[in-house]
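Just so it is clear, none of the values below were taken in a lab; they were calculated from the coordinates. Not measured: the values here are computed from a predicted model. So basically every Cβ, Gly included, is an ideal-geometry build from the backbone, and we count neighbours across all protein chains shown.
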Amino acid sequence: MSTIEFNSRLNQMSAILHSFAYNLTKDIEASRDLYQETAYRAIKNREKFSPGTNFKAWLFTIMKNIFINDYRKKVRANTIIDTTENHYYINSGKNTVNNHAFSNIMMKELSQMVADLDESTRVPFEMHYSGFKYQEIADKLDLPLGTVKSRIFFARKELKTVINNRYDGKPSK
């Protein structure tokens, strides 16, 4: 099989290979990388393809083997090998204490952001957050239902803006 014919057949299989790569990886970028590696290895090993055999199956086998090998490398990379006496590092993980300090700080900050809202939007928002339905809030505050929904919407929008400005430095839309 000539180089031109081989490349032509590989191009014809491009869409099918992209689909198969996505089915394996479930990620667009990873599937593109897998396709690219498959095409590279197919071209590199063009002389190993036997004319008259199933070209599609040959390409799928290359892709599947690349995917499996990459998966095994990732699993091995996440394996911890402890060579210390009595497996000190592996056993030391049993005594970790999780104190939730970071999440407590975030909740205090969020509570302060809610408290800083204007009272007209804060009260309906807090009631909704506490589990009240829109209609219950409207009845308790003696407001029209649409006004309650609008105020809760504006409270969420303002909180989103404040959070984005504080943590991203970018204003939200």
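Gain on full extension, evaluated as 0.36 nm per residue between Asp27 and Ser50 minus their Cα-Cα distance, stands at 5.1 nm.
Based on alpha carbons, the Rg and Dmax found for the stretch 3-77 are 12.6, 40 Å.
Between Asn78 and Ala115, the FRET efficiency estimated from the beta carbon spacing at R0 = 30 angstrom works out to 0.10. Overall, the stretch 3-77 carries a charge dipole of about 280 debye about its Cα centre when +1 sits on the Cβ of Lys and Arg and -1 on the Cβ of Asp and Glu, all other atoms neutral.
Figure legend: label point modelled 7 angstrom from the Cα of Lys149 along Cα→Cβ; residues of the stretch 120-134 with amide N under 13 Å from it are 134.
Its relative contact order, with pairs defined as Cα atoms under 8 Å and 6+ residues apart, puts the stretch 3-77 at 31 percent. Strictly over 31 Å apart at the Cα level, which of Lys26/Lys157; Lys74/Lys160; Lys74/Lys108; Lys108/Lys140 would you flag in this model? Pairs exceeding the cut-off: Lys26/Lys157; Lys74/Lys160; Lys74/Lys108.
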